[in-house]
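Take a look at the structure below.
The values are calculated or read from the model by the stated rules, or taken from the named source; none is laboratory data. Quick caveat: nothing in here was measured; it's all calculated off a predicted structure. No Cβ is skipped: glycine too gets one built from the backbone with ideal geometry, and neighbour counts run over all protein chains shown. In case anyone asks, the SASA skips ligands and DNA or RNA and just uses the protein heavy atoms, side chains included. Shrake-Rupley method; radii C 1.70, N 1.55, O 1.52, S 1.80 Å.
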Amino acid sequence: MLIPMSSSSIKSTFYCTYVQLSKTAVKKSSIEARRFSDVSTCSFSSTCFTGSSDEEDVSPKDNHQRNSAGSTDFCVKSISKSAFGRREIEIAESEMPGIMTLRKRAKEEKPLKGANIVGCTHVNAQSAVLIETLVQLGATVRWAACNIYSTQNAVAAALAKAGIPIFAWRGETEEEFWWCLDKVIHSEGWQPNLILDDGGDATHLMLKKYPDYFKAIRGIVEESVTGVHRLYMLSKGGKLTVPAINVNDSVTKNKFDTFYTCRDSILDSLKRTTDIMFGGKQVVICGYGDVGKGCAQSLKGQGCIVYVTEVDPICALQAAMDGFRVVRLNEVIRSVDVVVTATGNKNVITRDHMNRMKNGCILCNMGHSCSEIDVNGLHTPELTWERVRSQVDHIRWPDGRMIILLAEGRLVNLSCSTISSFVVSVASSTQALALIELFSAPGRYKSDVYLLPKKMDEYVASLHLATFDAHLTELTDEQSKFMGLNKAGPFKANYYRY
């Protein structure tokens, strides 16, 4: 059985709101500069190609395409790039032992036969491995991207060619984002019964626009802090009428996918976009949860002077004990070279903060919420935006001062760099197991938010140990009796904090 969590255990976050940019705030040249190539030439080196100008001028919505089977039930940038994407998926598979082992063990049994899954996650090589695993386990899926900048177009093309209804491309507008999500939820002759969400947008749209569909949902699996918070808000308001599993706070996802991924990818993101030399740079990390911890540790290791801001005294004490100076943002905002947000909150960096940043200050977001940086506050007539690289904007003030904004305030690591396939394998395994659990046990769970049981967390970890030639010690009968444990686990109580 899964263990319900109280809403008080989740840090307060805010909904990611989508605001139309003021037409008077951005010059036409700035808008034209926001066109994107098939894949960022800075971000995904093995698929670095630039589409023709004709391709760039046509929205995928208006570019009617067919895959080799004749299906038109997809919308991607260009299905002709599918060979590049298939290579990316194959490379990812070789670095994702957990999810591949799970696929091999369960594909004959097909535990998801009859499952109709709406997916709204990042669309990249790693998530493609999860998507194709779910299909091999018997599910039918329809998929959209949860982030308008993180999609690998070639990977989306490969999925479309394989017959998977996918609606995603890099550089979607806000209107196109919601159109894509609507297309995956509502399809003639198909009704979803499971949701795999990253941020809560699929859940939100289905509940708001298709309430009859929502009534048929067997369960929701959510993998982000922001999305989990939204689920608890629904539960608190009596609007969550289906069971949901919070995989974000499962031990394996939270500790490995969040901490280790961010520790690796923050450096990759900053290097690819700005060519920065880290040694001696002053950096402020806003938030010292697992994301902030990973970023701070990595940047400190490169010789940066790292400051931390926190609202939580426990996290603040951890930062101080780890050797970081805990400050208020106003104390350092004029002097730091890099600002990284990692809170999941709203307006952590305001226009007033940005007005006081030094010339050349780099600003980016590592938290899931796209509202951490008040980007909309930068779309005013007196400021000039210049796109200098894919996902890199120079924003100039009238006095000539300039700041560097990465990925327009969205997740910088998934927008501007690659991420470790191995740690994504951990998260993907927990997501797949959670979907199987909800689908195979209808009626077992009430309309509440649950955690994966410890036994499943331990199983996910065990799937990845062989990669390191790691050998677990086994308890003797005497030892297991002394500790009151089953020799096969679980080895820790649910309240244990790793």
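So if I place +1 on the C-beta of Lys and Arg and -1 on the C-beta of Asp and Glu, and nothing else carries charge, what would the dipole magnitude of the chain be about its Cα centre? I want it in debye, nearest 20. Could you put the intermediate results ahead of the total?
Values: 57 positive and 54 negative charges, 107 e Å.
Dipole size: approximately 520 debye.
Quick one: work out the % antiparallel among DSSP beta bridges in region 275-409, nearest 5. Write out the running numbers ahead of the final one.
Working: 10 of 29 bridges.
Of those bridges, close to 35 percent are antiparallel.
Report Rg(Cα)/(2.2 N^0.38 Å) for region 275-409, keeping two decimals.
Compactness ratio reported: 1.01.
Expressed as a rounded percentage, what relative contact order does the chain have, with Cα pairs under 8 Å and six or more residues apart?
It comes to 18 percent, rounded to a whole number.
Grab the alpha carbons of region 183-251, take their convex hull, and tell me the volume per residue in Å³.
Taking the convex hull of the Cα positions in region 183-251, it is 80 Å³ per residue.
Per residue, how many Å² of accessible area does the chain show with a 1.4 Å probe?
Working: 21530 Å² over 498 residues.
Value for the chain: 43 Å² per residue.
Under Stokes-Einstein, with the Kirkwood radius over Cα pairs standing in for Rh, what whole-number D in µm²/s applies to the chain at 4 °C and 1.567 mPa s?
55
For a quick check: with amide H placed at 1.01 Å from N, whose amide H comes under 5 Å from Ile305's, ignoring anything fewer than 5 positions away on the same chain?
Those lying under 5 Å, H to H, from Ile305 are Gly280, Lys281, Gln282, Val283.
Considering the options Ala296, Trp397, Leu378, tell which one lies farthest towards the positive end of the dipole of region 294-411, charges being +1 on Lys and Arg and -1 on Asp and Glu at the Cβ, about the Cα centre.
Trp397
Put +1 on the Cβ of each Lys and Arg and -1 on the Cβ of each Asp and Glu in the chain; which of Phe278, Ile362, Ala244 then has its Cα farthest toward the positive end of the dipole?
Sorting the options by dipole projection puts first Ala244.
Roughly how compact is region 430-498, stated as its Cα Rg over 2.2 N^0.38 Å to two decimals?
1.35
Can you compute the helix-only [θ] at 222 nm over the chain? Use -39500 (n - 2.57) per DSSP H run of at least 4 residues, normalise by all residues, nearest 500 deg cm²/dmol.
After summing the helix terms and dividing by the residues of the chain, the value is -10500 deg cm²/dmol.
Starting from the alpha-carbon convex hull of region 70-153, give the projected area averaged over all orientations, in nm².
Details: hull surface 24.3 nm².
Approximately 6.1 nm², given one-decimal rounding.
Determine the share of region 275-409's accessible area contributed by carbon and sulfur atoms, expressed in whole percent, with a 1.4 angstrom probe.
51
What is the calculated FRET efficiency for Gln282 to Lys255, with r their C-beta to C-beta distance and R₀ = 22 Å, to the nearest 0.05?
On the way: r = 29 Å, r/R0 = 1.30.
So the FRET efficiency works out to roughly 0.15.
May I ask which of Lys81/Lys104; Lys271/Lys455; Lys81/Lys454; Lys253/Lys446; Lys77/Lys208 have a Cα-Cα span longer than 30 Å here?
Lys271/Lys455; Lys81/Lys454
Magnitude of the Cβ-charge dipole of region 371-498, K/R +1 and D/E -1, about the Cα centre, nearest 20 debye?
Rounded to the nearest 20 debye, it is 280 debye.
Ranked highest first by average number of other Cβ atoms within 10 Å, how do 297-310, 324-337, 418-431, 249-262 line up?
418-431, 249-262, 297-310, 324-337
Sorted by accessible area with a 1.4 angstrom probe, largest first, how do Glu408, Glu386, Glu109 fall?
Values: Glu408 30, Glu386 80, Glu109 140 Å².
Sorted by accessible area, descending: Glu109, Glu386, Glu408.
Roughly speaking, what is the centre-to-centre gap between region 96-123 and region 265-310 when only Cα atoms are used, to the nearest Å?
35
State, to one decimal in nm, how far the label point of Asn494 lies from the label point of Lys61, with both points 7 Å from Cα in the Cβ direction.
4.5
How would you rank 265-277, 455-467, 143-155, highest first, on the average number of other Cβ atoms within 10 Å across their residues?
Numbers: 265-277: 20.2, 455-467: 18.4, 143-155: 28.0.
Packing order, densest peptide first, comes out as 143-155, 265-277, 455-467.
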